[in-house]
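*Asks:* What follows is a structure written as structure tokens; I'll ask about it next.
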Amino acid sequence: MAKADVVVIGGGPAGYVVARRLGQMGLETVLVEREHLGGVCLNRGCIPTKALYAATLPLGKRGVYEQMGLELQIKVDLARLRAFLAEVVGKLRDGIARLLTGAGVEVLKAEGKLVGPNEVEVVQNSGSERIRARAIVLATGSVPIEIPFLPFDGERVWSSDHALALSLVPEKLAVVGGGVVGLELATVYRRLGAQVTVVEMMEGLLPGLGLSRRGEALLRQALQRQGIEVRLRTKAAGLTKNGLLVKNAGEEEIEAEVVLVAVGRRPNSQGLGLENAQVQVERNFVQTDENFRAAEGIYAIGDLRGGPLLAHKASHEGLLLAEILGAELRGETPRLGKPRAIPWAVFTQPELAMVGAPVDAPALRVARFPFSALGRAWAEGEPEGFVSLACDEGGKIVGAEIVGPNASELIAEVSLAVELGLSAAELARVIHAHPTFPEAIWEASLAALGRPLHIL
């Protein structure tokens, strides 16, 4: 039987990060991945979605460019667009492979299954073998949730995986789910020319994210101006000959060539042999303690253990667990600080980002600066949106919400402020380059201090 210090099952943002760090620390590490390195995020999620978002940006800003005096003649070539996505994903995947090799990590393209507390069965085309390890890390991620009456077939009913395959741009697209994935893909396909209708059974978009009423209303209005129809408090009920059956006050058919189901993701916990190692599961999520331990010698990180299903959260857990395992395998006690700030970024038009406490939370003081008062926003033709900072009674920044251009980039500065416990006064002392979008954060901090500069 083969032996290793650590076996990692899953090569996504959690798995490959923990494996690389363990390899850097000199631990004999084996990474088992059944498909492609990089996991869902790289191959069928974050990266291809954002590449499509970037590629279609000129389509989304055509009206802005026309106001600037530039008329664009754009022709969409789906074959070349697919090739671009494949090239981006391929380069990054190869880069991960080189990083793992450089750290001395052995990568096996195989299925991994627990057969005991310290034993993994690895199944490849050539056969199977067992590896005994001092520690086993489960990092198998998540998969799209399938609705029983709307099963994925890749033709009339798509998952996010099918949408990113970019086989066609349907004339009419119905999106079931007004969450992050649904709205990002709705944005991309509307830019590509599809008529898009988003169906969400809750009362607002992005349910569960803690978005403010102001932010949700602004986003909904922006989507509608782009030609994306939004149906709230509306439930999908099934396929019809010509589209999607929905229920609100009554029943109605929404015409659609394709129905994209984007109602969330579930942990990929089936087939791991969890029952062979006394690993506890609740609602398909592996239960762990604060140090990611699921059972003696077994750990779980990333989407598999729950919390925000975010690639950057999964990667950070990989780094934390590597330090924990390194210390434990050396017979030491790990001393780690857990992060307080996990940012969200949503790539709609406008972009949206949040971190920390919801700005609508009671007992918080909120200062807001609109992009309509920012010179750089006007120069870019994107004056819509705002930066909101939430402060506690002592003036410490505890949360933020940004709706507008480059929100996904701007949130990093506020995430740092929340993580380090900075106050609005401390942030206001930092000189921000002019003219830039981050000036909006500086202006919001000044407003929090009661001395706004470029707003009344």
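*Asks:* Here are A448, A361, A433: which of them is modelled with pLDDT of 95 or more, over 20 Å from Y53 (Cα atoms) and surrounded by fewer than 17 Cβ atoms within 10 Å (Cβ to Cβ)? Give the derivation first.
*Replies:* Numbers: A448 fails: surrounded by fewer than 17 Cβ atoms within 10 Å (Cβ to Cβ); A361 fails: modelled with pLDDT of 95 or more.
Testing whether each residue is modelled with pLDDT of 95 or more, over 20 Å from Y53 (Cα atoms) and surrounded by fewer than 17 Cβ atoms within 10 Å (Cβ to Cβ) leaves just A433.
*Asks:* For the range 272-299, how many residues meet the condition of being in contact with a Ser or Thr (Cβ under 8 Å, 6 or more places away or on another chain), without any contact (Cβ under 8 Å) to a residue 40 or more places away in the chain and outside any strand (DSSP E or B)? Step through it out loud before you land on a result.
*Replies:* Going residue by residue through the range 272-299, those that are in contact with a Ser or Thr (Cβ under 8 Å, 6 or more places away or on another chain) are 272, 281, 284-286, 294, 299.
So of that shortlist, the ones also without any contact (Cβ under 8 Å) to a residue 40 or more places away in the chain come out as 281, 284-285.
Then drop every residue that is not outside any strand (DSSP E or B), which leaves 284.
So the count comes out to 1.
*Asks:* When the residues of the range 29-87 are narrowed to those that are loosely packed, with under 12 Cβ neighbours inside 10 Å and among the basic types (K, R), which ends up nearest to G12 (Cα to Cα)?
*Replies:* Ranking the candidates gives R80 first.
*Asks:* To continue, here is another question. Would you pick out the residues in the range 321-342 that are on the phi < 0 side of the Ramachandran plot and in a loop (DSSP other than H, G, I, E, B)? So that I can check it myself, show each step before the final result.
*Replies:* Here is the first cut: in the range 321-342, the ones on the phi < 0 side of the Ramachandran plot are 321-330, 332-342.
Once the filter is applied, which keeps residues that are on the phi < 0 side of the Ramachandran plot and in a loop (DSSP other than H, G, I, E, B), the range 321-342 yields R330, E332, T333, P334, R335, L336, G337, K338, P339, R340, A341, I342.
*Asks:* Just name the residue that is nearest to L185 (Cα to Cα) out of those in the range 329-357 that are of a type outside the set (K, R) and surrounded by fewer than 17 Cβ atoms within 10 Å (Cβ to Cβ). Walk me through how you get there before you give the answer.
*Replies:* So in the range 329-357, the residues of a type outside the set (K, R) come out as 329, 331-334, 336-337, 339, 341-357.
Pick out the ones that are also surrounded by fewer than 17 Cβ atoms within 10 Å (Cβ to Cβ) and you get 329, 331-334, 336-337, 339.
Values: L329: 44, G331: 48, E332: 47, T333: 45, P334: 41, L336: 37, G337: 36, P339: 30 Å.
Here the residue is P339.
*Asks:* Follow-up. Just one of (1) over 16 Å from G404 (Cα atoms); (2) surrounded by fewer than 18 Cβ atoms within 10 Å (Cβ to Cβ); (3) not charged (D, E, K, R) trips up S372, so point out which.
*Replies:* S372 satisfies every listed condition except (1).
Here is a yes/no grid of residues against (1) in contact with a helix residue (DSSP H, G or I) (Cβ under 9 Å, 6 or more places away or on another chain); (2) within 23 Å of L22 (Cα to Cα); (3) modelled with pLDDT under 95; (4) not assigned by TED's automatic domain parsing to the domain that holds E275:
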site: A55; (1), (2), (3), (4): yes, no, no, no
site: E71; (1), (2), (3), (4): yes, no, yes, no
site: I74; (1), (2), (3), (4): yes, no, yes, no
site: L78; (1), (2), (3), (4): no, no, no, no
site: E106; (1), (2), (3), (4): yes, yes, no, no
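*Asks:* Sticking with this one: If a residue must be in a loop (DSSP other than H, G, I, E, B) and either aliphatic (A, V, I, L, M) or surrounded by fewer than 18 Cβ atoms within 10 Å (Cβ to Cβ) (or both), how many such residues does the range 96-127 contain? Spell out how you get there, then give the answer.
*Replies:* So in the range 96-127, the residues in a loop (DSSP other than H, G, I, E, B) come out as 103-105, 110, 117-118, 125-126.
In the following step, the residues that additionally are either aliphatic (A, V, I, L, M) or surrounded by fewer than 18 Cβ atoms within 10 Å (Cβ to Cβ) (or both) were identified as 103-105, 110, 117, 125-126.
Residues in the range 96-127 being in a loop (DSSP other than H, G, I, E, B) and either aliphatic (A, V, I, L, M) or surrounded by fewer than 18 Cβ atoms within 10 Å (Cβ to Cβ) (or both): 7 in total.
*Asks:* So how many residues does the range 394-435 have that are among the aliphatic types (A, V, I, L, M) and touching a strand residue (DSSP E or B) at 6+ places or on another chain (Cβ under 8 Å)? Walk me through it before giving the result.
*Replies:* Of the residues in the range 394-435, the ones among the aliphatic types (A, V, I, L, M) are 397-398, 400, 402-403, 407, 410-412, 414, 416-418, 420, 422, 424-425, 427-428, 430-431, 433.
With the extra rule that they be touching a strand residue (DSSP E or B) at 6+ places or on another chain (Cβ under 8 Å), the set shrinks to 397-398, 400, 402-403, 407, 410-411, 414, 417-418, 422, 424, 427.
The qualifying residues number 14.
This table checks each residue for (1) part of a helix (DSSP H, G or I); (2) over 26 Å from V143 (Cβ atoms).
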residue	(1), (2)
I47	yes, no
A51	yes, no
L59	yes, yes
Y65	yes, yes
E71	no, yes
I74	no, yes
A79	yes, yes
V88	yes, no
L92	yes, no
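*Asks:* What single numbered condition from (1) part of a loop (DSSP other than H, G, I, E, B); (2) under 24 Å from the mean Cα position of the chain (by Cα) fails to hold for V198?
*Replies:* It is condition (1) that V198 fails.
*Asks:* Quick test of your reading of the structure: G318 fulfils all but one of (1) within 20 Å of the chain's Cα centre (by Cα); (2) part of a loop (DSSP other than H, G, I, E, B); (3) not basic (K, R). Name the failing condition by number.
*Replies:* In the conditions (1) within 20 Å of the chain's Cα centre (by Cα); (2) part of a loop (DSSP other than H, G, I, E, B); (3) not basic (K, R), G318 misses (2) alone.
*Asks:* Any residue in the range 234-247 that is assigned to a loop (DSSP other than H, G, I, E, B), of a type in the set (A, V, I, L, M) and at pLDDT 95 or above? If you could, list the steps in order and put the result at the bottom.
*Replies:* The initial filter retains those residues of the range 234-247 that are assigned to a loop (DSSP other than H, G, I, E, B), namely 234, 240-242.
Of the ones still in play, those that are also of a type in the set (A, V, I, L, M) are none.
No, the range 234-247 has no match at all.
*Asks:* For the range 340-356, what are the residues that are at pLDDT 95 or above, closer than 14 Å to S415 by Cβ and either more than 15 Å from the chain's Cα centre (by Cα) or not aliphatic (A, V, I, L, M) (or both)?
*Replies:* Listed by number, the residues that qualify are P343, W344, G356.
*Asks:* Let me ask you something else. Go through the range 282-317 and report how many residues are surrounded by fewer than 17 Cβ atoms within 10 Å (Cβ to Cβ) and over 23 Å from D5 (Cβ atoms).
*Replies:* 7
*Asks:* Continuing with the same structure: Looking only at the range 176-211, how many residues end up being over 12 Å from A262 (Cβ atoms) and charged (D, E, K, R)?
*Replies:* Total meeting the criteria: 3.
*Asks:* Tell me which of these F84 doesn't satisfy, since it passes every other one: (1) assigned to a loop (DSSP other than H, G, I, E, B); (2) farther than 19 Å from G227 by Cβ; (3) among the hydrophobic types (A, V, I, L, M, F, W, C).
*Replies:* (1) is the only condition that F84 fails.
*Asks:* Run down E409, E382, E393 and say which single residue is surrounded by fewer than 16 Cβ atoms within 10 Å (Cβ to Cβ), in contact (Cβ under 8 Å) with a residue 24 or more places away in the chain and within 30 Å of R191 (Cβ to Cβ). Full working, then the answer.
*Replies:* Working: E382 fails: surrounded by fewer than 16 Cβ atoms within 10 Å (Cβ to Cβ); E393 fails: within 30 Å of R191 (Cβ to Cβ).
Among E409, E382, E393, only E409 is surrounded by fewer than 16 Cβ atoms within 10 Å (Cβ to Cβ), in contact (Cβ under 8 Å) with a residue 24 or more places away in the chain and within 30 Å of R191 (Cβ to Cβ).
*Asks:* If you don't mind, another one. Go through the range 19-51 and give me each residue that's touching a Leu at 6+ places or on another chain (Cβ under 7 Å) and either among the hydrophobic types (A, V, I, L, M, F, W, C) or on the phi > 0 side of the Ramachandran plot (or both).
*Replies:* Matches in the range 19-51: A19, L22, L27, V30, L31, V32, G38, L42, I47, A51.
*Asks:* I need the full set of residues from the range 272-298 which are of a type in the set (G, A, S) and touching a strand residue (DSSP E or B) at 6+ places or on another chain (Cβ under 7 Å), in order please.
*Replies:* Filtering the range 272-298 for residues of a type in the set (G, A, S) gives 273, 277, 294-295, 297.
Scanning the range 272-298 gives G273, A277, A294, G297.
The values are calculated or read from the model by the stated rules, or taken from the named source; none is laboratory data. Everything numeric in this text was worked out from a predicted model, so none of it was measured. Here Cβ is always computed from backbone atoms with ideal geometry, including for glycine, and neighbour counts include all displayed protein chains.
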